[in-house]
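Data first, discussion second: the structure below is written as structure tokens.
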Amino acid sequence: MSRILALTGPGQPAPEGAPQPEPRRPAIALDDVTKVYGHGDDALVALEHITLEVPRGQFLSILGSSGCGKSTLLSIIAGLEDVSAGRVVVDGGRPSLMFQEAALLPWLTVGRNVELPLRLRGVARAEREWEVERLLRMVHLENFHRKRPHELSGGMRQRVAIARALAQSSEVLLMDEPFGALDAITRDILHEDLTRIWEETGSTIVFVTHNVREAVRLGDRVVLLKPRPGRMARQWWIDVPRPRRYEMPEVGALADEITEHLREEIRSHGRT
Ligand code: ADP
Ligand code: MG
């Protein structure tokens, strides 16, 4: 609790009856987190000394080469992995998770897949139907309610996965290379849609990728991890106005700069 209070920051107590000020604490706070897999000779330090605060509503891109601990970081924020040292505070309940594979239930229709988290949350039937409609409209799949996952393209399956993640109504959405298996044009369209959905819902998103341009196009902020052990190497605030496009010179210039750092990290790691 002391950690949470400390993050709330200084402020005068509100006079009685006055409206409460907006809570200022971040959606996610990691404080000197270290994660070690295994023991003794087999021990592997996947993450070391990660201190990171994600403000409510931020779109954070986590960038790094393969094996540098990106998925471990998401698992820790999701509460699927314990930390070996340090502290993690996540606001607003259990985060939603989305992976490269949509992991839809093949025997259920699109509508039923999206409905499942609502059922699990005990949402009443009439409201569920209305909510599924709303979510499918949001991902532009309103006409695919009765289709089954195998009848959809990869991009459409990821749209269903986004709708299902939104159905969990979490404040925090964690995405682990969700568009990594899609072709460039489909990915481009999904970037537009994800940006719109993020703006509409006000969610906090942590988006993991090894694609520099994707990280820059989507994020308010890009955190670059370096490997073995996974540490934060550098970060950038991306103030390029939205809507963003890959062709924008600012996006290209930032992506080039970050790529240079990423190459250096990989090179210097190769020498040690
Ligand atoms: P990334 O997602 O950036 O590719 P990961 O977080 O998957 O990286 O992995 C970071 C390091 O931790 C890698 O060396 C990986 O082999 C190791 N690792 C990941 N998960 C486990 C696990 N469950 N047990 C042991 N080692 C693991
Ligand atoms: Mg990974």
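Observations on the structure shown:
- Lone unmet requirement of (1) more than 16 Å from ligand 2 (Cβ to nearest atom); (2) surrounded by fewer than 20 Cβ atoms within 10 Å (Cβ to Cβ) for Gly111: (2)
- Residues that are surrounded by fewer than 16 Cβ atoms within 10 Å (Cβ to Cβ) and more than 22 Å from the chain's Cα centre (by Cα) were ranked within region 135-144; the one that is farthest from Leu194 (Cα to Cα) is Asn143.
- Filter result for the condition that a residue is open to solvent by less than 20 Å² (accessible area, probe 1.4 Å), away from ligand 2 (no atom under 16 Å from the Cβ) and part of a strand (DSSP E or B), over Val222, Val206: Val222
- With respect to being within 28 Å of Arg24 (Cβ to Cβ), assigned to a loop (DSSP other than H, G, I, E, B) and of a type in the set (D, E, K, R), Arg196 falls outside the description.
- Checking each residue in region 161-184 for being closer than 17 Å to Arg217 by Cβ, away from ligand 1 (no atom under 15 Å from the Cβ) and open to solvent by 30 Å² or more (accessible area, probe 1.4 Å) picks out Asp183, Ala184.
- If you go through region 117-130 and keep only what is surrounded by fewer than 18 Cβ atoms within 10 Å (Cβ to Cβ) and in contact (Cβ under 8 Å) with a residue 24 or more places away in the chain, you end up with just Arg121.
- Within region 162-176, none of the residues are part of a helix (DSSP H, G or I), out of contact with any His (no Cβ under 9 Å at 6 or more places or on another chain) and polar (S, T, N, Q).
- Pro149 vs. criteria more than 16 Å from ligand 1 (Cβ to nearest atom), touching a residue at least 40 places away in the same chain (Cβ under 8 Å) and open to solvent by 50 Å² or more (accessible area, probe 1.4 Å): no
- When the test is whether a residue is within 13 Å of ligand 1 (Cβ to nearest atom) and either at pLDDT below 95 or surrounded by fewer than 18 Cβ atoms within 10 Å (Cβ to Cβ) (or both), Pro229 passes it.
- Taking residues in region 56-75 that are closer than 15 Å to Thr204 by Cβ and open to solvent by 30 Å² or more (accessible area, probe 1.4 Å), and partners anywhere that are more than 12 Å from ligand 2 (Cβ to nearest atom) and at pLDDT 95 or above, the pairs with Cβ atoms closer than 6 Å and at least 6 places apart or on different chains are Arg56/Ala27; Arg56/Thr204.
- Here Arg244 meets the list (1) within 16 Å of ligand 1 (Cβ to nearest atom); (2) of a type in the set (D, E, K, R); (3) in a loop (DSSP other than H, G, I, E, B); (4) surrounded by 17 or more Cβ atoms within 10 Å (Cβ to Cβ) almost entirely, failing just condition (1).
- Filtered residues of region 105-128 (kept if under 21 Å from Met156 (Cβ atoms) and not β-branched (Val, Ile, Thr)): Leu105, Pro106, Trp107, Leu108, Gly111, Arg112, Asn113, Glu115, Leu116, Pro117, Leu118
- Screening Ala126 against (1) touching a helix residue (DSSP H, G or I) at 6+ places or on another chain (Cβ under 6 Å); (2) part of a helix (DSSP H, G or I) leaves a single unmet condition, (1).
- Members of region 76-98 that are within 16 Å of ligand 2 (Cβ to nearest atom) and open to solvent by less than 40 Å² (accessible area, probe 1.4 Å): Ile76, Ile77, Ala78, Met98
- Yes/no for Glu101 being within 16 Å of ligand 2 (Cβ to nearest atom), open to solvent by 70 Å² or more (accessible area, probe 1.4 Å) and part of a loop (DSSP other than H, G, I, E, B): yes
- Within region 38-55, considering residues that are open to solvent by 80 Å² or more (accessible area, probe 1.4 Å) and within 9 Å of ligand 1 (Cβ to nearest atom), the one modelled with the highest pLDDT: Leu44
The values are calculated or read from the model by the stated rules, or taken from the named source; none is laboratory data. Since the structure is predicted, the reported quantities are computational estimates derived from the model, not experimental observations. We place every Cβ from the backbone using ideal geometry, glycine too, and count neighbours over all the protein chains shown. Keep in mind that these areas ignore ligands, DNA and RNA; they rest on the heavy atoms of the full protein, side chains included. Shrake-Rupley method; radii C 1.70, N 1.55, O 1.52, S 1.80 Å.
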